[in-house]
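In what follows, a structure is listed as structure tokens, so that the remarks can point back to it.
The values are calculated or read from the model by the stated rules, or taken from the named source; none is laboratory data. Predicted model, so just to flag it, every value in this text is computed and none were measured. Cβ placement follows ideal geometry from the backbone for every residue including glycine, while neighbour counts extend to all protein chains displayed.
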Amino acid sequence: MVNRQITLAARPEGLPKESDFDLVEAEVASPGPGEVLVHSQWLSLDPYMRGRMSTARSYAKPTEIGEPMTGQAVGQVAESGDPRFAPGETVVGQLGWQDYAVARGGTLRKVDPALAPPQTALHVLGGTGLTAYFGLLDVGTPKPGDAVVVSAASGAVGQIAGQLAKITGCGPVVGLAGSAEKVADLTGVYGYDVGIDYKRDDVNAALKEACPNGVDVYFDNVGGSLSETIFRRLALGARISVCGQVSQYNRAEPELAPRNLSFLIVFRARMQGFLINDYAHRFPEGLRRLSSWLAEGKLTYREDVTDGLENAPAAFIGMLRGENRGKTLVKLR
Ligand SMILES: NC(=O)c1ccc[n+]([C@@H]2O[C@H](COP(=O)([O-])OP(=O)(O)OC[C@H]3O[C@@H](n4cnc5c(N)ncnc54)[C@H](OP(=O)(O)O)[C@@H]3O)[C@@H](O)[C@H]2O)c1
């Protein structure tokens, strides 16, 4: 059997190009004792992968040139050397950009495809849902009535963070996104009270109007000058949950913003970064609560699906350019 893989061909400068990736064929490996061979059906594309393409200091080691790109996927067990997994079962894990992967059984999580479509284990009932859950509720510590602002608000993490703020009883809940269609989704699909198009609107004026008493919780997905504008509108005792800095990922040198960190003093604000992996011991709690909100119809989601592994590089580059409308997924064959 042939395994198609997307490997890293070159370290990108700026926005990645399709030539930074290779499509190669390899033999499908056999699982040893304790290992499982998975035939992947869905691949998740995420901004953190841009960091793995670079050798800059980070929390994880970079992907080497010639190695398959790292990524989470959902698929079915094809062959098992681990008695806890049987062929045909659906699992999710760090399986990479490829059709088949051999993984240690202990790194895989079983998914019940009867409860929700299997690919939801890559977003609302997986990594991005859990990121919104812990990043908003644990790090942002919102209270009912708090004004909450989310950047990249219509993306995979942002669309869930806004809905969790509403479930918590916060308001106004304000989202920032980069196109008219996305801003329409914010209020029309994800239940935000106010949507702001950060590319066209005067963000400072729009925030002043939407949050006249200031911003109590800012869920920061983007960083840079947009965050600098939002810091101007903080409320006393504000919390800033630093989830991501996607506006900086393609820059060789980070932008010289935010320059107004003195507002942390003025507003006695707390700014804290987090990594979702640090919450692994609490994933069962997060998944249980996200699943029940989904079942009760309190949570919704939008997927942006690209067909075929060979199209993953273009979909990934498109996501970094803001072309995704929802969680970026690749349907594998
Ligand atoms: N801390 C953690 O453990 C953790 C875990 C998962 C994800 N994250 C972070 O969460 C953030 C969102 O990830 P996601 O998977 O949900 O991706 P996403 O929001 O679905 O897709 C990325 C979005 O970023 C926005 N963007 C790109 N360049 C931008 C720029 N220069 N300024 C402002 N916005 C820009 C685009 O939306 P617009 O069209 O609206 O600009 C794009 O659609 C990322 O920063 C990611 O690194 C962190």
*Out of all the residues in segment 34-45, is one or more without any contact (Cβ under 8 Å) to a residue 40 or more places away in the chain, away from the ligand (no atom under 16 Å from the Cβ), charged (D, E, K, R) and not in a loop (DSSP other than H, G, I, E, B)?*
no
*Given the conditions (1) at pLDDT below 95; (2) assigned to a strand (DSSP E or B); (3) not polar (S, T, N, Q), which single one is not true for P113?*
(2)
*Could you grab me the full set of residues in segment 133-159 that are in a helix (DSSP H, G or I) and without any contact (Cβ under 8 Å) to a residue 60 or more places away in the chain?*
L137
_Looking only at segment 130-144, count every residue that is more than 13 Å from the ligand (Cβ to nearest atom) and out of contact with any Cys (no Cβ under 7 Å at 6 or more places or on another chain) and tell me the total._
3
*Which of the residues that make up segment 224-248 are away from the ligand (no atom under 12 Å from the Cβ) and on the phi > 0 side of the Ramachandran plot?*
G237
*Residues being assigned to a loop (DSSP other than H, G, I, E, B) and within 16 Å of the ligand (Cβ to nearest atom): count how many of those fall in segment 211-223.*
3
*Working only within segment 211-228, note down all residues that are free of Cβ contacts under 8 Å to residues at least 40 places away in the same chain and over 23 Å from the mean Cα position of the chain (by Cα).*
P212
*Can you give me the ranges of the helices (runs of 4 or more DSSP H) entirely in segment 233-333 with at least 1 residues that are touching a residue at least 60 places away in the same chain (Cβ under 8 Å), under 18 Å from the mean Cα position of the chain (by Cα) and buried (at least 16 other Cβ atoms within 10 Å of the Cβ)?*
283-295, 312-320
*Matching entry among R251, R289, R302 (being more than 8 Å from the ligand (Cβ to nearest atom) and within 18 Å of L136 (Cα to Cα))*: R289
_Consider segment 160-170. How many of its residues are touching a strand residue (DSSP E or B) at 6+ places or on another chain (Cβ under 8 Å), in contact (Cβ under 8 Å) with a residue 40 or more places away in the chain and assigned to a helix (DSSP H, G or I)?_
2
*Look through segment 1-23, keep the residues that are part of a loop (DSSP other than H, G, I, E, B) and among the charged types (D, E, K, R), and return whichever of them is nearest to T55 (Cα to Cα).*
R11
